[in-house]
Amino acid sequence: PGAGNSMRLLVPQPGGACVLDITNGLPGGMRWVAEAVEGSPVLDPKLSPDGRWVAFVQDSELHIASCNEVSINHQPQQQAPLPKEYVPPPTRITFGAKGHPYITHGLAEYIAAEEMDRDRGFWWHPCGTHVAFTRVDTSAVPIFQILHQGATPSTVGTMENHSYPFAGEENARVTLGVVDVSRLVRRDSRGPARAAVAGSQSEPAPGLGGWRTAGGRGRGVKSSSGVGAAGEGGNGGRDAVEGAVNVEGLGPEDFEVTWMDVDCGPASLGGRGDEEEYLVAVEWTPSGDYLFVQVQSRSQQELRLLRLDPATGESSTPQPLLVERREDAWVNIHTMLRVLRDGGAVAAAAAAAAAAVGGIAHPVARRVGGCIPKSGDFLWASEKSGYSHLYLHCGDTGRCMRAVTAGEGWCVDEVKGVDEARGWVYFTGTKAGPLERHLYRVRLWPASVERDGLGGSGSGGGSGSGASGRGGGGAGGSGGGDIGAGGVPAGVVSEPQPLTTAPGFHAVVLDHALRQFVDVHDSTDSPPTVSLCTIPDLDPRGGGGVMKHPQLIFAHAAMDPRTLRLNPQPPELVQVLAADGRTTLYGAVYRPDPKVHGPGPYPTLVSVYGGPQVQVVHNSWKLTADMRAQYYRRNGYLVFKLDNRGGSGRGLAFEAAIRHDMGNAEVADQAAGVAWLVSRGLTDPARVGIYGWSYGGDLSAMALMKAPEVFTAAVAGAPVTSWDGYDSHYTERCSLR
């Protein structure tokens, strides 16, 4: 962000990180702001909210560099990129991990990036004065060695050691700190940074003991940056980082850390063990007053939402703010938490003013507060109804006030934006059917608020006793919201309005003003097009409105000679009954040309993935563009894809069908799909093969063993043949008892 029509882009490079300033649509010179050196790459660079700073990880420590323009020989930089030798060195803001083989500051651990969609380990404060960051300790995680066979010389560089959390083994210990960088950013408010990388290159490793605790829970502990409070291995880290001082004289004492009341990971390292095994997500509130943190139990049957005070590290009351539990399945993690900045303050004031009669507020105005959310309230996604839907929660108590979306058989896929001023939530979902993805909007508060003040605040479900270690009452009591597998809370739910209508798959990005969106649309018979669309009817009291004619930005050339030469034919989308005799499954059939290969039956190849968190069959060009399937089809093989039970996009019961029973329901459903093809004369039952990769490779091998009467050949690509050799979070979700 910048003055006028200016913006700043961060451009990660193999050699470090650059920024590019754009003014009035014209790019300026790209300049280096962080430099990588051999063996010390610049990892995960992120701009500060005001665009003046970039934070990144190097040598396992967090650093900050200025993005301000610098001068060379007192001349401002022009269009040419700034040579690396002129890049001011960054300021190091964490200490104690550099040179330690098992400690990192500001990096996501493997399991978070691979399985939890958390690929970052630090988060800028909205004002840029603080940085929340993770401290990861992998010393208890098993080491897996990768041998580079044939490398020379044989004793150097041929072996890689990786900390890999195998199923049933220890995970990393992850704690959360907030480092105060206000002294640095205020010092540099008018010019570029002059600070340098920490001076000591041979810092002794910090102790690996537990944190100093407050009230027995590790709350509100302040320490020199990154090292942790005194415990079984030091005195707050000062000895551990002796000599680690920046050129400007800024050392650990200048970057105080407050450690949050979060301690995920194994008890053997001092963590809280099973009850708080995984750090799922971290998010600052828009005001920066609190951190919202999600933690998950090792069984993945409980997810807790905590609200933490960054100044003290303590959890606010109630503790936790919200608990989501499942006894019959697991709790899926998501990225749909949205903390409201203003709530409906503008709308509430307007409604109250409009309702005033003769200077005396109409009763409507007194009831508006129960309908319109306030600052700090939050949207939360839950599968408590069996399907992923959005709910509005009170930010002070965690109680669920009402459902924002609801409905059987469809799911909210992703929140795309929240327009607090006008009262709309924008999301993508499967309301038009599980094969489709569309953009919708739904009211954040009842439309009747502006008219008659109707609507209300529903109550959360369940009474819930305190959870182990942290307490937390049920939604009906004084504690936080406790979400079990019960019913949907009472309240107003408006019907979602579709903003995309063409059948198929829509991937959308909304602008910051939430007035326009880019729509990437495709279907099995339509290659991708990119359009700019204007959102109609911004008044939440009005009707659905009419979309203005979208502006076409890009269209895949359907008549491209290469496409014509390949001649891809869209597969037929079909419905098949699952092996349980009740569940409808969706499949795709690539049928050979009957003019060339006859009417069938055909030799058949089943292309399978079949695992959790994946949906293969959509009304999408991706199916048509599967060149392997098209090649087999052109050569006389029928290719069949089927989303068996255990996949995503169909609700929790559909997904949890494989819980504690991996490899059975999936194979049975694939066999049922083949039987369906045989019954229609499409498949030769004596010539059926199956192939897949990863989970699909595992299922291919499993199908050959469990259903040899159906499948006569299999190609198992990259199969998981021994689940105790796969990672903890993925494997234990489905198999842990």
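The values are calculated or read from the model by the stated rules, or taken from the named source; none is laboratory data. Predicted, not measured: the structure shown is a model, and the values here were computed from it. We place every Cβ from the backbone using ideal geometry, glycine too, and count neighbours over all the protein chains shown.
So the values come out like this:
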read-out: Members of segment 286-344 that are among the β-branched types (Val, Ile, Thr), buried (at least 23 other Cβ atoms within 10 Å of the Cβ) and not in a strand (DSSP E or B); value: 331
read-out: Check on residue 391, closer than 14 Å to residue 305 by Cβ, part of a strand (DSSP E or B) and touching a residue at least 60 places away in the same chain (Cβ under 8 Å); value: yes
read-out: Where a residue in segment 648-671 is over 16 Å from residue 582 (Cα atoms) and assigned by the TED database to the domain that holds residue 585 and its partner, wherever it lies, is of a type in the set (S, T, N, Q) and surrounded by fewer than 20 Cβ atoms within 10 Å (Cβ to Cβ), with Cβ under 7 Å and at least six apart; value: 648/613; 648/615; 649/615; 660/735; 662/735
read-out: Among (1) in a loop (DSSP other than H, G, I, E, B); (2) modelled with pLDDT under 95; (3) surrounded by fewer than 22 Cβ atoms within 10 Å (Cβ to Cβ) - the single one residue 445 does not satisfy; value: (3)
read-out: Leading residue by the ranking (nearest to the chain's Cα centre (by Cα)) among those in segment 366-420 that are closer than 29 Å to residue 516 by Cβ and among the β-branched types (Val, Ile, Thr); value: 415
read-out: Any hit, segment 111-122, residues being out of contact with any strand residue (DSSP E or B) (no Cβ under 9 Å at 6 or more places or on another chain), within 27 Å of residue 286 (Cα to Cα), at pLDDT 95 or above and of a type outside the set (Val, Ile, Thr); value: yes
read-out: Verdict on residue 646 being under 18 Å from residue 601 (Cβ atoms) and outside any helix (DSSP H, G or I); value: no
read-out: Candidates 651, 636, filtered to the one that is touching a His at 6+ places or on another chain (Cβ under 6 Å) and either of a type in the set (Phe, Trp, Tyr) or farther than 26 Å from residue 722 by Cβ (or both); value: 636
read-out: Selection count where residues are in contact with a Phe, Trp or Tyr (Cβ under 8 Å, 6 or more places away or on another chain) and not aliphatic (A, V, I, L, M), scope segment 98-113; value: 3
read-out: Close pairs (9 angstrom Cβ cut-off, 6 or more residues apart or separate chains): at pLDDT 80 or above in segment 249-276, among the small types (Gly, Ala, Ser) and in a helix (DSSP H, G or I) anywhere; value: 265/273; 266/273; 267/273
read-out: Single residue of segment 84-100 satisfying the filter (assigned to a loop (DSSP other than H, G, I, E, B) and over 18 Å from residue 178 (Cα atoms)) that is modelled with the lowest pLDDT; value: 87
read-out: Entirely in segment 501-609, the strands (runs of 3 or more DSSP E) that have 1 or more residues that are touching a Phe, Trp or Tyr at 6+ places or on another chain (Cβ under 8 Å) and at pLDDT below 95; value: 526-534
read-out: Any pair with Cβ under 8 angstrom, 6 or more apart, that starts in segment 622-643 at a residue that is assigned by the TED database to the domain that holds residue 583 and touching a residue at least 40 places away in the same chain (Cβ under 8 Å) and ends at one that is in a strand (DSSP E or B) and among the basic types (Lys, Arg); value: 623/641; 629/641
read-out: Test: residue in segment 665-676 that is modelled with pLDDT under 95 and touching a helix residue (DSSP H, G or I) at 6+ places or on another chain (Cβ under 8 Å); value: no
